[in-house]
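Before any comments, here is the structure.
The values are calculated or read from the model by the stated rules, or taken from the named source; none is laboratory data. Here the structure is a predicted model, which means the values were calculated and not measured. Every residue, glycine as well, gets a Cβ built from its backbone with ideal geometry; the counts of neighbours run over all protein chains shown. For the accessible areas, the whole protein counts, side chains as well, though only heavy atoms, and no ligand, DNA or RNA atoms are used. Shrake-Rupley method; radii C 1.70, N 1.55, O 1.52, S 1.80 Å.
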Amino acid sequence: MDFILQLVGVSLGGGGVILLLLLLTRLTGGRYAARWRCWAWVLLGLRLALPCSLLPERTAQTAPIVLSAPENTVLYRSAPTAPAQAGLQVPAVSAPAQAIQTPGTEQVSPPPISAAEPEERKPPALSLTLGEVLLGMWGIGAVGVLGWNGAAHLRFCRYLRRWSYPADEPLLVREFNWLGDRLKLLHRPQLRLCPGLTVPMLAGVVRPVLLLPEACPPGEGRCYSLLHELTHYRRRDIWLKTLMVWVCALHWFNPLVWLMARAVERDTELACDEGALKWLSKDERAAYGRAILQAAAAGKEC
């Protein structure tokens, strides 16, 4: 029950911060750069990722949100079963035992026989408390969210291993390396083409892969798509999205956390565009915007 109370307290406190950030974003009209909002989401996500109180016990009693522990009511208790009687029962002997004496030995008395045999231990009764029920419900929800996302990721990785292949077009490779040098990337993701893919994307946490649609003609659109995804890689946005999956699994019961995940998705894209535009001239920025809008429209159609 203590774990559930701490989890709910952290979730309620995080929900208040989420509402505050969303309200500030709406009132300011996005005046503040999206990258600063992303940093706020990172800090809040790291706090929500730890479903326990970080304050000492005395300090936690004076926290703004303190949940008093309700009575851990027993919801179900099974009746104890009597132990099975095996074999014959030896009647109890109440008469005192006589001392046994043999020549050349001292008098030896046998151990006394108890008037009543010790009772066999009865198996404990099974019980189910309110805290155990709540913990089980939370665990099922958390495992369900993690399992759903994990299965989708494994299915996508299996598809990539089967159908994607390394990009070997000389012009594409030169564009990729030129943009990597321009962004000052010492380490770069693997560049692969994938049939059936409609928009470029960056996939993988440990070994990121930049995926392009197989039918991706050369031109400024492809170049700007590469710039966008390499900017995602430079900003490590995929780590923030992975953190959001973990936070949503822990706080699946809180609808504000799911709103936070949607806001993170939006702000990471805006921050990525802001970062990419820094490397472009004024004329190139308009072409970049058109390329991103076309890629977004293609993704929505599918």
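Before moving on, here are some points about what is shown:
- Over segment 128-265, relative contact order from alpha-carbon pairs under 8 Å, at least 6 apart, %: 24
- Relative packing of peptides 280-292, 189-201, 144-156 - highest average C-beta neighbours within 10 Å first: 189-201, 280-292, 144-156
- At full extension, HIS153 and GLU214 could sit 19.9 nm farther apart than now, given 0.36 nm per residue minus the alpha carbon distance.
- Note on ARG285 and GLN6: the extension gain reaches 95.7 nm, defined as 0.36 nm multiplied by sequence separation minus the Cα-Cα distance.
- For the peptides 132-138, 180-186, residues were scored by their other Cβ atoms within 10 Å and the scores averaged per peptide; the highest-first order is 132-138, 180-186.
- Spin-label zone in segment 146-185 - amide nitrogen under 14 Å from a point set 7 Å from the Cα of VAL205 along the C-beta vector: 146-154
- Using a probe of 1.4 angstrom and keeping all protein chains present, the accessible surface of segment 184-258 works out to 48 square angstrom per residue.
- Using the Cβ-Cβ distance between LEU256 and TYR165 with R0 set to 51 Å, the FRET efficiency works out to roughly 0.75.
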